[in-house]
Amino acid sequence: MLARAAALATALTSLAAAAQSSRPDEASMFGGETEKAQPPPDSASPSSRPSEDSMFGDSSEGQAPSGATPTAPSGTNASAPPAQPPAVEQSGREETRDEQALSGTPGKEAFGSEEHVDDPLKIGGQFYMRAIAQGNEGVSFGSTSFSAPTLVDGYFDARPTDRLRGMVVGRLSFDPTLSSQSTSLLGSSPGDGTTSTPGTSRSNPRVLLDQAWLRFDIDHTVFVTAGKQHVKWGTGRFWNPTDFLSPQRRDPLAVFDARTGASMLKLHVPWEAKGWNFYGIAMLDNAGPASTLGRIGGAARAEVVLGEAELGASAVLQRGRKPRFGLDLSSALGPIDVYAEAALRKGSDAPLYRLPEDITFQELIEQAQNLEIRTLEDLKQLPVESYFPDGLTPQITGGANYTFAYSENDSATVGVEYFYNSTGYDNPIAYPYLIAQGAYQPFYVGKHYGGLFGVLAGPGSWDKTSFILSTLGNLSDMSFTTRLDVLHRALSYLSIEVYAAVNYGNKGGEFRFALDYPPFEIDGRALVPAPTIQLGAGLRISL
């Protein structure tokens, strides 16, 4: 009996297996392929869940269009094909209304499809702490001015594909030596690099937006960057008259450019066969916020390579400002690298100032002695007239540098640069009035400038240390400053910076500016004492 029961069970099992193998699967019943069906996009399988970048991106850029291939999850091979909904032939079954509601109508990416990366978001930042002491004539050691500006930058860098990138950089600036509302004599802040009208107050600490942009390409031909971004034009080391797109001028002696970005829409069309580049730019805040369409500025630039020379031509048109045109070049003349740039416009956007023809400088001082000068605002009482220049007002800079080996493994670079500023001043008489009017622009207030520099990068056994020696001079008022920077890399991520600068030349000039003669004295003390020496140190961590 037991043997018969076992034989009967074996026969029933064989019949059930045969029936199962002869039954068509669900896909073949609806005319599809006989492969095993993949889970639909709305299922809970890991391959169909949205990646982290799509969860935090906006609906138009950060996420793929409805029906597009899902991004690969973290930890998977980005080159492997992601899970897809079951293939459906035109003659096969149609999606149900519930499936369409969940997955959306199949769509196609506007600019093609690219493989997605495993880790699309990078987070990092920079911590930059400095200490600066400024010595002045007639000021005791205990009364020497001191500041400790600190910058903290944090960024989010999203790259879901090789053709799409988004960047946000926020900045916190703080100086514990300043009050919660501080003022700046010349309208510049050593803490965050921004500028303001002299005498106006600013909050401390401050929160700034340095960058916020999106970048993508159209058919690998036009590269688009939209938002607040950094764009620098020109070839000069110390002076950049063609740097039209930045609202602030760069400090030529600073080892770190603390300027924040400018808001614009930039289109870049490269010509790879020639190595040429063409740019079209819409500027949104270069001359103040563009609150109307008419205030949006336009800029264009072309960069071409001719032999060993690189040439650039640029133009900027903006309501409320004179049209500006620029040319720049860089090339090699044997072992020497040369460069030059020139900015050209008609007239000036801001008024210039001069003494009336019937008043001498001594008469100006005598009239000022009858005034009660207590603040910079009181300087506006001086009998100075404003005017706008006629004709073209060029700004031209040019220089050369030479790199040579002084040992088997070490080299040094030396260079020289000259700058001509047609709207600058030959005499420092106007400087106090410029400060009072908020028109004082350091490094661009004189008519003639000169600069020298030398660089030693990793000399001898000091592979992680660099030395930079720079001298700048206002040749119009014959004032000068010389600065030595020592940069050292320690602990892989830590940069140590130390510098010393001295000021010399004619007192009252730009680099030795002072208001220490009557009537610019208060209780026997100078309103602005002449600078003598500046010492600084910095610590910077970049991650």
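Within segment 265-288, the set of residues being exposed (fewer than 14 other Cβ atoms within 10 Å of the Cβ) and in contact with a helix residue (DSSP H, G or I) (Cβ under 8 Å, 6 or more places away or on another chain) comprises G288 only. Cβ separations smaller than 6 Å between residues 6+ apart or across chains give the following pairs from segment 379-400 residues that are among the charged types (D, E, K, R) to residues that are surrounded by 18 or more Cβ atoms within 10 Å (Cβ to Cβ): K380/A436. Against the criterion of being out of contact with any helix residue (DSSP H, G or I) (no Cβ under 8 Å at 6 or more places or on another chain) and modelled with pLDDT of 95 or more, G261 does not qualify. Screening S113 against (1) touching a strand residue (DSSP E or B) at 6+ places or on another chain (Cβ under 7 Å); (2) modelled with pLDDT under 90 leaves a single unmet condition, (1).
Can you report the number of residues in segment 379-399 which are at positive phi and of a type in the set (A, V, I, L, M, F, W, C)? Reasoning before the result, please.
First pass over segment 379-399, keeping only residues at positive phi: 391.
Within this subset, residues satisfying the condition of being of a type in the set (A, V, I, L, M, F, W, C) are none.
Qualifying residue count, segment 379-399: 0.
Does segment 401-420 contain at least one residue that is open to solvent by less than 30 Å² (accessible area, probe 1.4 Å), within 23 Å of L344 (Cα to Cα) and at pLDDT 95 or above? So far as segment 401-420 goes, yes, one or more of its residues are open to solvent by less than 30 Å² (accessible area, probe 1.4 Å), within 23 Å of L344 (Cα to Cα) and at pLDDT 95 or above.
D243 meets each of the listed conditions (1) open to solvent by 30 Å² or more (accessible area, probe 1.4 Å); (2) out of contact with any strand residue (DSSP E or B) (no Cβ under 7 Å at 6 or more places or on another chain); (3) not β-branched (V, I, T) apart from (1).
Regarding D463, is this residue out of contact with any strand residue (DSSP E or B) (no Cβ under 6 Å at 6 or more places or on another chain), open to solvent by less than 30 Å² (accessible area, probe 1.4 Å) and of a type in the set (D, E, K, R)? Full working, then the answer.
Details: out of contact with any strand residue (DSSP E or B) (no Cβ under 6 Å at 6 or more places or on another chain): yes; open to solvent by less than 30 Å² (accessible area, probe 1.4 Å): no; of a type in the set (D, E, K, R): yes.
Considered against the rule, which asks whether it is out of contact with any strand residue (DSSP E or B) (no Cβ under 6 Å at 6 or more places or on another chain), open to solvent by less than 30 Å² (accessible area, probe 1.4 Å) and of a type in the set (D, E, K, R), D463 comes out as no.
When segment 421-455 is filtered for residues that are surrounded by 18 or more Cβ atoms within 10 Å (Cβ to Cβ) and assigned to a strand (DSSP E or B), the ones remaining, listed by number, are N421, Y425, G446, Y449, G451, F453. Taken over segment 273-283, the residue count meeting the criterion of being at pLDDT below 95 and over 25 Å from K346 (Cβ atoms) is 3. Note on segment 384-420: among residues that are among the charged types (D, E, K, R) and in a loop (DSSP other than H, G, I, E, B), the one that is nearest to T465 (Cα to Cα) is D410. Output the residues belonging to segment 504-543 that are modelled with pLDDT of 90 or more, hydroxyl-bearing (S, T, Y) and out of contact with any Phe, Trp or Tyr (no Cβ under 6 Å at 6 or more places or on another chain). Correct list: T532 only.
The values are calculated or read from the model by the stated rules, or taken from the named source; none is laboratory data. Note that the structure is a prediction, hence the values are computed from the model and not measured. Positions of Cβ are generated from backbone atoms using ideal geometry, with glycine treated the same way; all protein chains shown enter the neighbour counts. Please note that ligands, DNA and RNA were not included when accessible areas were found on the heavy atoms of the full protein model with its side chains. Shrake-Rupley method; radii C 1.70, N 1.55, O 1.52, S 1.80 Å.
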